[in-house]
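Following: one structure in structure tokens, then a few remarks.
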Amino acid sequence: MLQHEDAPDPAPDSDEALVRVKACALNHLDVWARQGLPKVTINMPHISGSDISGVVDWVPPEETRFTTGDEVIVNPGVGCGRCDRCLTGRDDQCSDYKIIGYGTDGGYAELVKVRRTHLIRKPAGMTFEEAASFPLVFETAYHMLVTKARVDPGDTVLVLAANSGVGIAAVQIAKLLGARVIATAGDAEKAEGARHLGADSTIDHYNQDVLGEVKRLTGGRGVDVVVEHVGEATWEGSVKALAKGGRLVTCGATTGADALTDLRYVFSRELTIFGSYMAGMGELLEVVELFDKGRLKTVVDSVFPLAQAGEAQTRMEKSRHFGKIVLKV
Ligand SMILES: [Zn+2]
């Protein structure tokens with residue numbers, strides 16, 4: 001159950017900073033934290049919220065990069081910073097990896113404590129709401145398309161649920177890499193939104209046969225890359241939509257994890273399946289640079305006051321949104 005109540009101010013350690021939250025974007029993770037997931041322990045009471053923008057409220061005197069009053073965003077993924085994975089930029093593979101607002105208390109609050117190495121200067125010209133809307137989904141899509149699937153200009157990329165945060169990021173990043181993009185969306189308005197972001201073709205995933213349309217749009221060949229995050233409801237079709245040598249990259253299973261894979265497709269077509277989970281700090285900094293250069297744009301669906309976090313989560317659960325739903329604190 002979500003409850004709006006007073007909580008004690010967080011007490012930061014010397015390796016942490018205190019951020020006065022201005023905005024915090026929602027992610028499906030927030031709903032899972034509330035509903036519970038098998039084998040995941042969330043200590044209650046828990047404060048959700050992984051995508052934070054705000055103003056530095058306190059840093060220890062030894063901090064040299066940031067000072068009180070600086071406008072910042074926060075890298076939502078926190079590794080130990082010391083293991084072989086962290087030290088080679090693969091923080092997301094650290095055995096101690098936590099997502100802020102999931103493994104720790106997060107940004108549905110006035111104040112949050114975060115690792116000070118995870119502060120990033122807020123891109124100039126962005127509102128706090130826009131700045132909170134991109135870190136988690138854009139770093140995720142960047143990791144999927146650039147680091148894992150290594151999309152290049154010859155590729156055709158199928159992006160599922162282009163209205164979602166990851167979908168919106170994936171359409172833009174795939175276009176930036178020079179690919180042809182086919183996006184699925186749940187209605188005509190969302191399809192229009194996806195085309196506006198650069199999708200070359202769209203498929204209505206409720207009223208059209210996605211696999212049939214993919215084949216039609218690619219002359220029977222299939223796509224080179226599928227961006228999966230839907231899971232059980234789409235997985236089988238996603239595997240079958242791939243051309244020979246195709247790559248499927250998945251970062252989630254919103255509709256369930258018990259998906260069926262026809263292995264004959266995997267070996268006879270020489271497919272590759274990539275798992276993808278968040279990203280390293282370096283990848284997020286590359287995303288920030290692309291925003292700074294105006295190569296990517298944020299899409300904010302709606303803004304709710306913090307006290308209406310429940311209404312905001314309901315909007316996301318009912319898939320009414322196009323873009324990120326943001327809480328204003
Ligand atoms: Zn580590």
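Look at (1) open to solvent by less than 40 Å² (accessible area, probe 1.4 Å); (2) in contact with a Gly (Cβ under 7 Å, 6 or more places away or on another chain) and you find that E129 fails only one, number (2).
Summed over region 178-201, the residues that are open to solvent by 30 Å² or more (accessible area, probe 1.4 Å) and either modelled with pLDDT of 95 or more or over 19 Å from H321 (Cα atoms) (or both) give a count of 6.
When the residues of region 14-59 are filtered to those that are over 25 Å from P305 (Cβ atoms) and out of contact with any Lys or Arg (no Cβ under 8 Å at 6 or more places or on another chain), the one that is most open to solvent (accessible area, probe 1.4 Å) is K39. Considering only residues that are in contact (Cβ under 8 Å) with a residue 40 or more places away in the chain and part of a loop (DSSP other than H, G, I, E, B), look in region 61-71 and name the one that is most open to solvent (accessible area, probe 1.4 Å). Per the stated criteria, the residue is R65. Here Y265 clears all of (1) within 30 Å of Q35 (Cα to Cα); (2) surrounded by 13 or more Cβ atoms within 10 Å (Cβ to Cβ) except the condition numbered (1). Here the helices (runs of 4 or more DSSP H) wholly within region 72-155 that include at least 2 residues being modelled with pLDDT under 95 and within 16 Å of the ligand (Cβ to nearest atom) are 84-87. Taking the numbered list (1) buried (at least 21 other Cβ atoms within 10 Å of the Cβ); (2) farther than 23 Å from A199 by Cβ in turn, T298 passes all entries but (2).
The values are calculated or read from the model by the stated rules, or taken from the named source; none is laboratory data. Just so it is clear, the structure is predicted and the values come from calculations on it, not from any experiment. Note that we place each Cβ from the backbone using ideal geometry, even for glycine, and neighbour counts take in every protein chain shown. For the accessible areas, the whole protein counts, side chains as well, though only heavy atoms, and no ligand, DNA or RNA atoms are used. Shrake-Rupley method; radii C 1.70, N 1.55, O 1.52, S 1.80 Å.
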